[in-house]
Amino acid sequence: MPQEKITLDPDKWIDNYADYLFNYAVVRVNDGDLSKDLVQETFFAGLKSAKNFQGKASERTWLISILKRKVIDHYRKINSKKGQAEVRMSFYDDGENEGSWIEERVPQSWDNASEKEIENQELKKQLETCINNLPEKYALVFRMKTIQEFETEEICKELDITASNLWVIIHRARTQLRKCMEDNWFNN
Amino acid sequence: MLKKLQITCNQATTICDKSQYKEASFFEKLKLTLHFLGCKICRLYTRQNNRMSGLYKDKSIACKNKINYLSQTDKEVLKQQVKEFKE
């Protein structure tokens, strides 16, 4: 028996899918206002390309595929030269010391060694501040990998980056976060 | 052979980061272990990195339990915008 073809019903999109799309976007970009914009753009793009909908996937799957493109576009935008801010390097990147720690970035022993740190609201706040201080593309990849615990392959696919690129970003983000927490919490 | 096992601090800490997600290969972990024999800075980085992973995990649990919704007002605005776009 042939499968019934799915048709679009744009009048019900917001009631049926807006929350799902919004949550999908927030999980990735961690910004409520930006997520609202991405959801709005997704609906507009859906309306524009409704005639191309073949009815093979569900409406929700089709809208998510549009939103995924919007997230990639956002990542490319923040990764473009114009908007690019880099983290401070922790290692020499050339010369005879290439790959060695830069003196002022060498990890120091931590004074504040409370074992109850996980319960500490102030510490959580400081950690969030440090993550927010990362350049946007580093924060985005770091959050997807570490906080939302996405698989490496999934992030690479969603953001159209290579695995080695991902690990460079994760490494730089983590060294920067370690230093930020050292300066502002553990040795403050 | 020994040359192949030698890595820089940058490479060692990258492997350390990968292993936080259980994604470092056996060969990478071997190189990291050998690097640790002569580098106390990277050993310290690893200890601190493990501790940071505990903080990230705690944050991860809190974030993953949270579902984000649009407010009713946002939905009404969105409906209006979509309506105008259609016209």
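A few points about this structure:
- Failed criterion for A:Leu177 (all others in (1) under 18 Å from B:Tyr45 (Cα atoms); (2) at pLDDT 95 or above; (3) more than 9 Å from chain B (Cβ to nearest Cβ) hold): (3)
- If you check A:Leu134, A:Leu123, A:Leu140 for being part of a loop (DSSP other than H, G, I, E, B) and in contact (Cβ under 8 Å) with a residue 12 or more places away in the chain, only one passes: A:Leu134.
- Of the criteria (1) more than 10 Å from chain B (Cβ to nearest Cβ); (2) surrounded by 21 or more Cβ atoms within 10 Å (Cβ to Cβ); (3) in contact with a helix residue (DSSP H, G or I) (Cβ under 7 Å, 6 or more places away or on another chain); (4) assigned to a helix (DSSP H, G or I), which one A:Cys156 fails: (2)
- Selection status of A:Val39, surrounded by 15 or more Cβ atoms within 10 Å (Cβ to Cβ), without any contact (Cβ under 8 Å) to a residue 12 or more places away in the chain, hydrophobic (A, V, I, L, M, F, W, C) and closer than 28 Å to A:Phe150 by Cα: no
- Hits in the range B:55-87 (condition: more than 7 Å from chain A (Cβ to nearest Cβ) and under 20 Å from A:Trp185 (Cα atoms)): B:Lys57
- Whether a residue is surrounded by fewer than 18 Cβ atoms within 10 Å (Cβ to Cβ), within 10 Å of chain A (Cβ to nearest Cβ) and among the basic types (Lys, Arg) was assessed, and B:Lys22 does not pass this test.
- All conditions in (1) within 12 Å of chain B (Cβ to nearest Cβ); (2) over 30 Å from A:Glu122 (Cα atoms); (3) crowded, with 21+ Cβ neighbours inside 10 Å hold for A:Ala163, with the sole exception of (3).
- Among all residues of the range A:53-64, there is at least one that is acidic (Asp, Glu), over 17 Å from the mean Cα position of the chain (by Cα) and part of a helix (DSSP H, G or I).
- Exactly one residue out of A:Glu119, A:Glu115, A:Glu86, A:Glu104 is at pLDDT below 80, among the acidic types (Asp, Glu) and within 20 Å of A:Arg174 (Cβ to Cβ), and it is A:Glu86.
- Candidates B:Tyr69, B:Tyr45, filtered to the one that is of a type in the set (Ser, Thr, Tyr) and without any contact (Cβ under 8 Å) to a residue 24 or more places away in the chain: B:Tyr69
The values are calculated or read from the model by the stated rules, or taken from the named source; none is laboratory data. The model shown is predicted, which means the values in this text are computed figures rather than measured ones. Positions of Cβ are generated from backbone atoms using ideal geometry, with glycine treated the same way; all protein chains shown enter the neighbour counts.
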